[in-house]
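Reviewing the structure listed below.
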Amino acid sequence: MNRKIRARAPLRLGLAGGGTDVSPYCDEYGGYVLNAAISLYAYATIEPAPPGKVIFRATDLDEEVILDADPDISLQGPLKLHRGVYRRMIREFNNGKPISIILSTHSDAPAGSGLGSSSTVVVAMVEAFKEKLKLPLGEYDVAHLAFEIERRDLVLNGGRQDQYAATFGGVNFIEFYGDDRVIVNPLRVREAIMAELEASLVLYFTGVSRDSASIIDEQTRGVESGKSRSLDAMHALKEDAVHMKQKMLRGDIRGMATLLGHSWQNKKKLSNLIATPAIDDVYDLAIQSGAYAGKISGAGGGGFMMFLVDPARRPEVCRALSCANGRVQTAHFTSQGAIAWRCA
């Protein structure tokens, strides 16, 4: 009996160091990122398709593509992520023998959210194929494979942290070096600290989903040209990740907030596209309502903003932000990474 295979992978909040996981900075200087998986997910489902056909669906985008099953399936056209995953998995792990499947995905957050949604969708699809083909792949294997599909096969600009955050789950301090060397350091943060951090967290979706490629391109050019403003900002973001890890392990939420604000100021130096007037207005509104500090999660220009606030004043900040054009979003931290299972 051909049963459905389902997989899910968690989205993440970038707490510090975001951007230092992007080449060429991490290749030359090494990058440090602190992130935490949250209880918003990307899902993938594999089920049988008519013989000789492969069907790709993104149900949250209301998109569907029907193609002939082929190991050399074109990477051009709609649903590139699905095409890239299918082609790589069939060619590398199924001896180039195509299989007729329906590969469906959906995500709890839109692409361009700043929560790593696109990369997390790729991880979920790889995890589903891992279960389908019974592959002996560990977490590092899945994350690196997802990275290669997205950045090398599909030539989509971006960093490396999202694939590892989605695969491993939990809170991680991740180091990135040249030759694709990655070291994931899971942090053992006390439950009481995570509970306090969760109570202090406000997530706000700006209502704008952005394409991070242009922002990352500008950031990359700044590093490649050796611009001191860009390099100094990147070095500061990397240092903030180290200090943020220390503050988090000690439960110093107020100290984390100070670093969050410091990172936001340095992040804005990387590109003029990161902070828009609308984002600045939301930031000011949150601060005036009682938030300690905040920043964009992800490349910037839109997506989700995150703020840290005294839990007693959290309702006040949420009410104020609810009057803006976006929406306040609830999320909890999760220790579980990518998983797959078979279902009826």
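The values are calculated or read from the model by the stated rules, or taken from the named source; none is laboratory data. All values derive from a computational prediction rather than experimental measurement. Cβ: placed from backbone, ideal geometry, glycine included. Neighbour counts: every protein chain shown. We work out accessible area using only protein heavy atoms, side chains counted, and drop any ligands, DNA or RNA first. Shrake-Rupley method; radii C 1.70, N 1.55, O 1.52, S 1.80 Å.
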>> Suppose each label sits 7 Å from its Cα in the direction of the beta carbon; what would the residue 139-residue 4 distance come out to in nanometres?
In response: 2.8
>> Over segment 1-152, what is the relative contact order in percent, taking alpha-carbon pairs closer than 8 angstrom and at least six residues apart?
In response: 27
> Gaussian network model of the chain, Cα springs within a sub-10 Å range: biggest mean-square fluctuation belongs to which of 143, 293, 312?
Replying inline: 312
> Treating the beta-carbon of each Lys and Arg as +1 and of each Asp and Glu as -1, no other charges, what is the dipole magnitude of segment 78-194 about its Cα centre, to the nearest 20 debye?
Replying inline: 380
> Which shape class applies to segment 226-344: rounded if a/c is under 1.5, otherwise prolate when a/b exceeds b/c and oblate if not, where a ≥ b ≥ c are the square roots of the Cα gyration tensor eigenvalues?
Replying inline: rounded
>> Using 0.36 nm times the number of residues separating residue 217 and residue 335, minus their current alpha carbon distance, what extension gain do you get?
In response: 39.2 nm
>> Using a 7 Å offset from the Cα along the Cα-to-Cβ direction at both residue 284 and residue 242, what is the distance between the two label points in nm, to one decimal?
In response: 3.6
> Of 21, 141, which has the most accessible area and how do the rest follow, probe 1.4 Å?
Replying inline: 141, 21
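If DNA, RNA and ligands are ignored and the probe is 1.4 Å, what is the ranking of 276, 20 by accessible area, most exposed first? Write out the running numbers ahead of the final one.
Values: 276 40, 20 0 Å².
Most to least solvent-accessible, the answer reads 276, 20.
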> When DSSP assigns beta bridges and you keep just the ones with both residues in the chain, what percent turn out antiparallel, to the nearest 5?
Replying inline: 95
>> Rolling a 1.4 angstrom probe over the protein chains, ignoring ligands and nucleic acids, what is the accessible area of residue 258 in square angstrom, nearest 10?
In response: 90
> Expressed as a rounded percentage, what relative contact order does the chain have, with Cα pairs under 8 Å and six or more residues apart?
Replying inline: 26
